1. Could you tell me the center-to-center distance, by alpha carbons, between region B:1-69 and region A:36-55 in angstrom?
2. Can you give me the relative contact order of region A:1-72 as a percent, contacts being Cα pairs under 8 Å and 6 or more apart?
3. As an exercise, use a Förster radius of 41 Å and the Cβ-Cβ distance of A:K79 and C:V57 to find the FRET efficiency, rounded to the nearest 0.05.
4. Anything over 26 Å Cα to Cα? Flag those among A:K79/B:K23; A:K285/A:K314; A:K69/C:K37; A:K69/B:K23; A:K20/A:K87; A:K20/B:K143, in the order listed.
5. In what order do A:D306, A:D220 fall by count of nearby beta-carbon atoms within 10 Å, going from fewest to most?
6. Using the number of other C-beta atoms within 10 angstrom as an exposure proxy, rank C:M94, A:M61, B:M161 with the fewest first.
7. Between A:A284 and C:N34, take the C-beta separation as r, use R0 = 51 Å, and let me know the FRET efficiency to the nearest 0.05.
8. Using a simple spin-label model with points 7 Å from Cα along the Cα→Cβ vector, what separation in nm is obtained for A:V13 and A:C200?
Amino acid sequence: MQAALGTLNALPVWLLILIKSAVLLLVVVTSFAYAMLAERKILGWMQLRPGPNRVGPWGLMQPAADAAKLILKEDLTPKTADPLIYKLAPFISLLTAFSVYAVIPWGASPSGTWAIGNVNAGILFLLAITSIGVYGISLGGWASGSKYPLLGSVRSTAQMISYELAMSLSFVGVLILSGTTSLAGIVSAQATWWFFIPQCVGFLVYVVTAVAETNRAPFDLVEAETELVAGFHTEYSGLRFGLFFIAEYVNMLTVSCIATLLFLGGWNAPFGLTMIPGVLWFVAKVGAFMFFYMWLRATLPRLRYDRLMAFGWKVLLPVATLNLIVTAVVVALRG
Amino acid sequence: MIAFWIVGAIVVASAVWTVTARKPVYSVVGLLINFAALAALYLSLSAEFLAVIQIIVYSGAILILFLFVIALLSSGVAPFAQGPNRLPRIVVPAVAIVAVALVGLVAGINGAAILTPSVSPSGSPLGPVGSAGVFGSVADFGKALFTTHLLPFEVTALILMVAVIGVVMLAGDQTPYVGSSKQAARVERQAREAILRGGDR
Amino acid sequence: MNPYGPVALYLCVAFAAALLFSVLPGLVARRKPNPEKAEAYECGVEPTSAVAGRFPVRFYLIAMLFVIFDVEAASFYPWAVQMHALRIYGLLEMIVFIIVLGIGYAYVWKKGGFAWR
């Protein structure tokens, strides 16, 4: 072990970072696979059925079987599609989903923050990458050259940009309290009070917008089967469909990480339980938020599109703005 | 320095593609790559806030609007020009001339050492990108915007308000039934009668 | 060291991974072309027309409003970070800003810009 660490330290810095990045990506992809399995198990449990249980013990090898199936399936391109953009769209979705993990910190030790890049504008970097993620969906729907995908992509693009606005406003309250845009700085500002207590309104707005941003139930209008078949990815098959699928789950993981970092205290331990390492707390909080996501899907029916849009613009936007004004007033008066 | 040349090449290549692409949606993709690479260039100039805002506002909002208009209007429409693309014949020499001029200019400026100022425009110290309080960071930008440049900031609010009104003018009045229940009832009655007559098929 | 150095390296790895996933189907997946498969999917009915070219103006309205309010949101971040230093002064500045934009917001609301029906 000691010798192995010695060789690691002898490597050039850039190679070390490359290895770290590859390991992190591997972790992200593996968590995607098991998040998907967990969702199917949890949905099964909530609906009184076993869920996947044939491949391996308790169905634990199910993700591997699914991956093999998706890779071997035929990759169809409709003749009306634009071949280049059709292939580019899932790539953009996946790349943006992966990219955010460049700045997400997952723990800290006295010597520094555990992250690939601990950048000062961390939260703005996250917002920037998220705003590019929309292109995967809108380009994918357009490039299919088919009616349902185009309708689905237009709908979900309008939904995502509307909710992105309220989401970015819900961050502002946190920024006022912490006085920094660095994710590690925001976590250390929560050493005493986790921000979901003083920022309870902001947290609520964030949770709603986060679900809408990732196109998940009850905001999964993209996949309103009765109206749109499968939305923007109707024409996609095989692994190219899989890329959108991976991107969706990785994005779920990302918004759970953001909720943990901004509102749930990051790797800070609750009740002074500091003997358990911070990384484990971080993972536990992300896991709890993911569970909440799946619970929502099992519980809530889908919204109607006009209600969804009106809710985003008429309720969430003013509420988020009021929240940031109130926060600013408190900070201005009390310091 | 190597990074600068790679990113610079991407910026130029994507810009040329944006201009010469046959399908408008390809131009949008080219512009998207261009904006992203431009943000990387801003970062190398330690303008951290500018880089993220470039992505959030330009790539995330303005370009989405372009894509909406282009994708929705041009779906199912044939690409613009058929036949050989004549544009490169004009573009290539023009780009070559401008490039030579720029290289000469940059070489001249470098000679005068203007590119390495010792004090930043905002008076904050220069340092590694994004460290707190350093030129170009979010905090530094906020300090400058909300003290020295307050008037332009408030004028921005006015301009944005005018833009909002302009949007409503462009899209037309969307008021459903002008909020009057009498009118709503009339429209509903007309619709019912039309259905009963069966002439609405 | 510049903190964006590692970020750039990570992005390269992510790019390579996403590219690998994108080219994999071309290399591994089986291929049995068939003219029926290449049709656009409309639940088994043969497509009768090209993709519709007309969309409600509301989608454009939302995209345009998003541009404007996104610029507004972008100006909140530097302000929020400096709030502890600006105090009452910063609060008043932002309240003026929000009131002016609020007038525009109220106008859109009144004109039915947010009502989908």
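1. 43 Å
2. On the way: 28 pairs, mean separation 12.3, N = 72.
Relative contact order for region A:1-72 comes out at 17 percent.
3. Details: r = 31 Å, r/R0 = 0.76.
So the FRET efficiency works out to roughly 0.85.
4. Details: A:K79/B:K23 17 Å; A:K285/A:K314 31 Å; A:K69/C:K37 19 Å; A:K69/B:K23 35 Å; A:K20/A:K87 29 Å; A:K20/B:K143 36 Å.
A:K285/A:K314; A:K69/B:K23; A:K20/A:K87; A:K20/B:K143, as the Cα separations exceed 26 Å there.
5. Values: A:D306 12, A:D220 20.
Ascending number of Cβ neighbours within 10 Å: A:D306, A:D220.
6. Numbers: C:M94 25, A:M61 14, B:M161 20.
If I rank by nearby Cβ atoms, fewest first, I get A:M61, B:M161, C:M94.
7. Details: r = 50 Å, r/R0 = 0.97.
Taking R0 as 51 Å, the efficiency between A:A284 and C:N34 is 0.55.
8. If labels sit at A:V13 and A:C200, their model points lie 4.6 nm apart.
The numbers here are math on the coordinates, done by the rules we state, and not lab data. This one's a predicted model, so the numbers in the text were calculated from it and none came from an experiment. Please note: Cβ atoms are built from the backbone with ideal geometry, for glycine as well, and neighbour counts cover all protein chains shown.
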